[in-house]
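Heads up, the thing below is written out as structure tokens.
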Amino acid sequence: MYLPYIRGKQFELIGIRELTPDVLIPNKAKVSPIIEPVKDSSTLKTTIKTLVDSDINFTIIANPQVGTFTDIDAVFNAIKSSVGQSKNYQVGIIFHNRSNHNQEIEVLQKYADIVPALTIVHNAAFDNIADILALYEEHFSIKYNVINLSATSKRYHRNFEESTRVELDDYFNAQTKNSDYLQVDESSFSEEHIYYQEEGFTGFSDYLSIGEEYSETGFLPYAVAIHLSYDEKQTKKIKVKHFVSDSNDDTSDIAGKFAEALNKLIAWCDQTGYNSVAIPIFREYHNNGHFPGLGTLKKLSLMNHIDLVLKLI
């Protein structure tokens, strides 16, 4: 089972919606997106409704730790207005070093009618985790324990029932500046899709080819970089190609920078035969000389990554 971890910014949510008909629905038995909403928006509600209408299981985080959606009552109101009569989803709770579990349980009980099950995201390790989970399980069933490997210990997953264990990590090798990717060309990503079951997990999760780091505001870049996940044919390991513009001395002509990066992506796809749900869209922009905006690049990167992973599993 693949549980892509998505920050609920506009273009990421649109990407999930656009993937639904041709990618998510045919793979609904092996995918369950986790959405950490970062703002209250019509796009969030529409995306939840699309997943519900398509009978695709998902998790919506009730206590997001990034963004401006900090009112937990408002998050639950967004859930309530979007899920209808569906029970095919989980409410997610992030465990962190400041967690007040009694308070979290009190809020969950307040909205118990729209909490069919829980997904716990473990962003911190607790010595008494069995006792903590028992408090939640007095009132709710836990479908997934998503264990952030970089925030817990090596063997922390042994605290949980194997049928609930999901591993999460950030495998994207982020650089300080987009122009730095000119020196990298490609980077290793992960092989968890090959080994997660062998290592005692029922599912695996990642932050896609976007990375865990969250930024609230965008800015005009000196360089445009397109990050494209692909699989190494012999090993089936996932790597990420970085296609970067060359005219990177200032922030002018972003459309021209995009065209430079896109030319490299299309040439590589022609050379290797790589294809995904995102490539025809990139080809259309290439043929038309159209710059769709930087947000669309992140959307297409997300769509490509999820499509790739689902093909590999």
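Each value in this text was obtained by applying a stated rule to the coordinates, not by laboratory testing. It should be emphasised that the depicted structure is a prediction, and the values quoted were computed from it without experimental measurement. Here the Cβ positions follow ideal geometry from the backbone for every residue, glycine too, while neighbour counts run over all protein chains shown.
Springs between alpha-carbon pairs under 10 angstrom, Gaussian network model over the chain: which of I194, I147, I16 fluctuates most? Residue with maximal mean-square fluctuation among I194, I147, I16: I194. Residues whose amide H comes within less than 5 Å of that of G92, counting only those at least five positions distant or on another chain, are I60, I61, A62, T119 (H built at 1.01 Å from N in the peptide plane). Can you give me the angle between helix 294-312 and the longest principal axis of the chain, using Cα atoms only, in degrees from 0 to 90, rounded to the nearest 10? The angle comes out at about 70 degrees. Under a model in which nothing but the beta-carbon of Lys, Arg (+1) and Asp, Glu (-1) is charged, the stretch 59-204 shows a dipole of about 360 debye around its Cα centre. For the stretch 1-169, the fraction of C-alpha pairs farther apart than 26 angstrom is 23 percent.
Phi angles of the stretch 192-207 translate, via the Karplus equation with coefficients 6.51, -1.76, 1.60 and θ = phi - 60°, into HN-Hα couplings of 5, 5, 8, 10, 4, 5, 4, 9, x, 10, 8, x, 9, 9, 8, 9 Hz per residue; Gly and Pro are given as x. Taking the Cα centre of the stretch 128-249 as reference, the dipole from Cβ charges on Lys and Arg (+1) and Asp and Glu (-1) amounts to some 220 debye. Packing here is the average count of other Cβ atoms within 10 Å per residue, and on that basis the peptides 60-69, 245-254, highest first, run 60-69, 245-254. Working from Cα pairs under 8 Å separated by at least six residues, relative contact order for the chain is 15 percent. Taking a ≥ b ≥ c as the square roots of the eigenvalues of the Cα gyration tensor, an a/c ratio of 1.5 or more together with a/b no larger than b/c marks the stretch 256-304 as oblate.
Across the stretch 160-278, counting alpha-carbon atoms alone, Rg and Dmax equal 16.8, 53 Å.
Phi angles of the stretch 15-29 translate, via the Karplus equation with coefficients 6.51, -1.76, 1.60 and θ = phi - 60°, into HN-Hα couplings of x, 4, 4, 6, 6, 4, x, 9, 10, 6, 4, x, 10, 5, 6 Hz per residue; Gly and Pro are given as x. Across the stretch 41-47, coupling constants 3J(HN,Hα) worked out from phi with the 6.51/-1.76/1.60 Karplus curve, θ = phi - 60°, read 8, 5, 5, 4, 5, 5, 5 Hz, and Gly and Pro carry x.
With distances taken between every two different alpha-carbon atoms, the chain has a Kirkwood hydrodynamic radius of 20.3 Å.
Taking Q175, Q234, Q271 in turn, the Gaussian network model of the chain (Cα-Cα springs below 10 Å) assigns the largest fluctuation to Q234. Entry note, the chain: the mean residue ellipticity at 222 nm calculated from DSSP H runs of n ≥ 4, each adding -39500 (n - 2.57), is -10500 deg cm²/dmol after division by the residues and rounding to the nearest 500. Placing unit charges on the Cβ atoms only, positive for Lys and Arg and negative for Asp and Glu, gives the chain a dipole magnitude near 540 debye about its Cα centre.
Against the chain, whose longest principal axis is taken from its Cα atoms, helix 101-110 shows a tilt of about 90°.
The GNM of the chain, with springs linking C-alpha atoms under 10 angstrom apart, assigns the highest mean-square fluctuation among T43, T202, T176 to T176.
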